Amino acid sequence: KGGNTEDMLKQQMITSNLAVSSSGFSNLTGGSPESTCKGEKCLEGKERVGKVALIADMGIEGDPYTVQSILEYVKRSQVDVVVHAGDISYADDFGFFSDSNSWVWVEYMTSLQNITSKVPYMTSPGNHESQYNFAAYLNWLHMPWNESGSSSPFYYSFDYLGVHFVGISTEHDMSLNSTQSRWLAQDLRTADQNRAETPWILVFGHRPLYCSSAVKWTTRCTVEAEEYRKDLDELFRRYHVDVYVCGHNHQYERSWPVSFGNVTAKNYNNPAGTVHIVTGAAGNPEGNDPTFVPWFMAPWRAGYSLSLQTGWTLMEVNSTALVFSYIH
């Protein structure tokens, strides 16, 4: 394992020309998702390329590769921020009804110290943080919710590297006219009108809207995912969200641009839909899931990894391109 291109499942770039209006998606161009796209060759121009580590579902007693790999990238100044879409430490796996598992959070956060002392670590809550009404999550992780006009520490937004990042909580009410939904609509509306400053909008939350795990197909990937689509698909369409990042399923997969269950195009050329990335194979005591339903059952799926190895997603960004790589 390591950081060379043989260890990367490279994904195709999404590029944008800055001629963006709030009435439509960015002008996106790109080739087939099977092609390899290497760093500066994709991100042309002289501006700095920002690099984001995208992870979910990471805890103690899992394969430590993800932490070690991201640390090496941080040491080489190749990661600027880590975004973790829920399920953090897995303390509740060590006694959900016990008051003696706080050591899990200590061990987990200590394992990240060499990373979080150098780059921001931005999170959203997952189901494994719900123990004691999310008390450990709130005590350990302080996100800029008040600074972003949110009334809750569980959802917030921030601008960094030309991206408007929006952390949402799939563990709290997101239904139409809920407090979170109203805040999200206002936040996305403002961001969509500010594309000159932040050309990209990326939303991250724990649970997927589109997934194709064979093990979880009849539950998470159909019944549950469809409920979340009812809450979010319209907001994503209306405010032209470029990417949604999640976990919950312990695997990696990526969609074509999709909206309301329909693939808008089997390429990334000016898509009228959001690209969904499940990156939940970062490593945890429950292990990873290499199972997927056949393609015809998930026509919006563009790529996936059958590996049992742990891994994480690297997003490279400048004002005109996003490039995603699954590193494992």
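Things worth noting here:
- Backbone N under 13 Å from the residue 289 label point (7 Å along Cα→Cβ), restricted to the range 229-261: 247-253
- Accessible surface of the range 180-328, 1.4 Å probe, proportion on carbon and sulfur as whole %: 52
- Solvent exposure of the range 169-328, expressed per residue, is 34 Å² of accessible area, with all protein chains present and a 1.4 angstrom probe.
- Cross-link pairs exceeding 19 Å in C-alpha to C-alpha distance, out of 216/266; 51/75; 51/118, comprise 216/266.
- The accessible surface of the range 40-163, taken with every protein chain in place and a 1.4 Å probe, is 51 percent carbon and sulfur.
- Relative frequency of Cα-Cα separations exceeding 24 Å in the range 226-328, percent: 25
- Highest to lowest packing among 185-191, 303-309, scored as the average C-beta count within 10 Å: 185-191, 303-309
- At R0 = 41 Å, FRET efficiency that the Cβ-Cβ distance of residue 152 and residue 297 yields, to 0.05: 0.70
- When only alpha carbons are used to place a centre, the range 187-254 and the range 109-128 end up 22 Å from one another.
The values are calculated or read from the model by the stated rules, or taken from the named source; none is laboratory data. The model shown is predicted, which means the values in this text are computed figures rather than measured ones. FYI the Cβ positions are ideal-geometry reconstructions off the backbone, even for glycines, and counts take in every protein chain you see. Just so you know, the surface numbers come from the protein's heavy atoms only, side chains and all, with ligands and any DNA or RNA stripped out. Shrake-Rupley method; radii C 1.70, N 1.55, O 1.52, S 1.80 Å.
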